[in-house]
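Peer 1: Take a look at the following structure, please.
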Amino acid sequence: MSADLVVVSPVKKWACTSCGGTGDLLKMEDGGPLCLDCADLGHLIFLPSGDAALTRRAKRISGLSAVVVRWSRTRNRYERQGILAEADAIERAEQECLCDTEARAHRRERDQARRSSEDVRFQAQFAAAIRSLFPGCPPARVDEMARHAATRGSGRIGRSAAARAFQPDAVHLAVAASVRHLDTNYDQLLMSGVDRAAARDRVRQRVEDVLGAWREGIPTLDLDD
Ligand SMILES: [Zn+2]
């Protein structure tokens, strides 16, 4: 690995040992300080430190580059100020970094689109599973349950968990929970202080009746007559 060229941002007045000129930066050589033109670095552009990714890229792209340091009296050491690199290398590096930002944004959009299409697929599969077990379940209820399951499931719970969600036992539990909350006074019982086990006992028969009717393909309306 070759060492970086080092250019110094001088603290004191100085003169180029070759041309007698001066400048903001110098390159120290055996014979003394050289200005950038005399050191053949005059075409390079200063890129201040601060954006590590941009600096790394510009340095990689640039055919010639140098590290710019300045002596710190308080810390008693040279500190890195930035780099010198070719103008078009800096420009290309800036474009690449910009592309990264855009690429990240696009990836996020794609992820969101994929997730929502997973939700849609999960919802459709869950609705189909409900209909096959409970053909009498009103379509609006099927949709509601499937949507609820999808917002909790699909992409976020992973493939195997999603597969488990479509198994008859799991579908039965989800539908029974919905019936308990919407077709019985279970929630009111809980609100009035009845404990959960007792409340479940109180509504068990009603839940079984509704599930039985839906399983037979009988719309619930018939039960309410
Ligand atoms: Zn010079």
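The values are calculated or read from the model by the stated rules, or taken from the named source; none is laboratory data. None of the values given here were measured: they were computed from a predicted structure. So basically every Cβ, Gly included, is an ideal-geometry build from the backbone, and we count neighbours across all protein chains shown. For accessibility, only protein heavy atoms count, side chains too; no ligands or nucleic acids. Shrake-Rupley method; radii C 1.70, N 1.55, O 1.52, S 1.80 Å.
Peer 1: Which members of segment 127-145 meet the condition of being in a loop (DSSP other than H, G, I, E, B), surrounded by 16 or more Cβ atoms within 10 Å (Cβ to Cβ) and out of contact with any Leu (no Cβ under 8 Å at 6 or more places or on another chain)? Even if it seems obvious, please write down each step before you answer.
Peer 2: Let us first name the residues in segment 127-145 that are in a loop (DSSP other than H, G, I, E, B), namely 134-138.
Cutting the leftovers down to surrounded by 16 or more Cβ atoms within 10 Å (Cβ to Cβ) gives us 134, 136-137.
Correct list: G136, C137.
Peer 1: Within segment 65-114, can you find the residues that are among the polar types (S, T, N, Q) and not in a strand (DSSP E or B)? Break it down into steps so the answer makes sense when it comes.
Peer 2: Narrowing segment 65-114 to residues among the polar types (S, T, N, Q): 65, 72, 74, 76, 81, 95, 101, 112.
Hits for segment 65-114 are T74, N76, Q95, T101, Q112.
Peer 1: Look at segment 169-220 and say how many of its residues are surrounded by 15 or more Cβ atoms within 10 Å (Cβ to Cβ) and part of a helix (DSSP H, G or I).
Peer 2: Residues meeting the conditions: 23.
Peer 1: Another question, if that's okay. When only residues in segment 10-41 that are in contact with a Leu (Cβ under 9 Å, 6 or more places away or on another chain), of a type outside the set (A, V, I, L, M, F, W, C) and more than 11 Å from the ligand (Cβ to nearest atom) count, which is nearest to S65 (Cα to Cα)?
Peer 2: For segment 10-41, the residue satisfying everything is D24.
Peer 1: Looking at I61, I45, which one is touching a Lys or Arg at 6+ places or on another chain (Cβ under 6 Å) and more than 16 Å from the ligand (Cβ to nearest atom)?
Peer 2: Values: I45 fails: touching a Lys or Arg at 6+ places or on another chain (Cβ under 6 Å).
Of I61, I45, the one residue that is touching a Lys or Arg at 6+ places or on another chain (Cβ under 6 Å) and more than 16 Å from the ligand (Cβ to nearest atom) is I61.
Peer 1: In segment 80-89, how many residues are modelled with pLDDT of 90 or more and open to solvent by 90 Å² or more (accessible area, probe 1.4 Å)?
Peer 2: Summing the residues that are modelled with pLDDT of 90 or more and open to solvent by 90 Å² or more (accessible area, probe 1.4 Å) in segment 80-89 gives 1.
Peer 1: Within segment 20-79, restricting attention to residues that are among the hydroxyl-bearing types (S, T, Y) and more than 11 Å from V8 (Cβ to Cβ), which residue is surrounded by the fewest Cβ atoms within 10 Å (Cβ to Cβ)? Break it down into steps so the answer makes sense when it comes.
Peer 2: We begin by selecting, within segment 20-79, every residue among the hydroxyl-bearing types (S, T, Y); these are 22, 49, 55, 62, 65, 72, 74, 78.
Those still in the list that are more than 11 Å from V8 (Cβ to Cβ) too: 22, 49, 55, 62, 65, 72, 74.
Details: T22: 13, S49: 14, T55: 21, S62: 22, S65: 22, S72: 11, T74: 6.
Checked segment 20-79; the qualifying residue surrounded by the fewest Cβ atoms within 10 Å (Cβ to Cβ) is T74.
Peer 1: OK, next. Out of all the residues in segment 25-39, is one or more assigned to a helix (DSSP H, G or I), among the basic types (K, R) and at pLDDT 90 or above? Walk me through it before giving the result.
Peer 2: First, pick out the residues of segment 25-39 that are assigned to a helix (DSSP H, G or I): none.
No; the residues of segment 25-39 include none that is assigned to a helix (DSSP H, G or I), among the basic types (K, R) and at pLDDT 90 or above.
Peer 1: Also, I was wondering about something else. Can you find a residue in segment 165-176 that is over 30 Å from R115 (Cα atoms), at pLDDT below 80 and not aromatic (F, W, Y)?
Peer 2: Narrowing segment 165-176 to residues over 30 Å from R115 (Cα atoms): none.
Checked against the condition, which is being over 30 Å from R115 (Cα atoms), at pLDDT below 80 and not aromatic (F, W, Y), segment 165-176 yields no hits at all.
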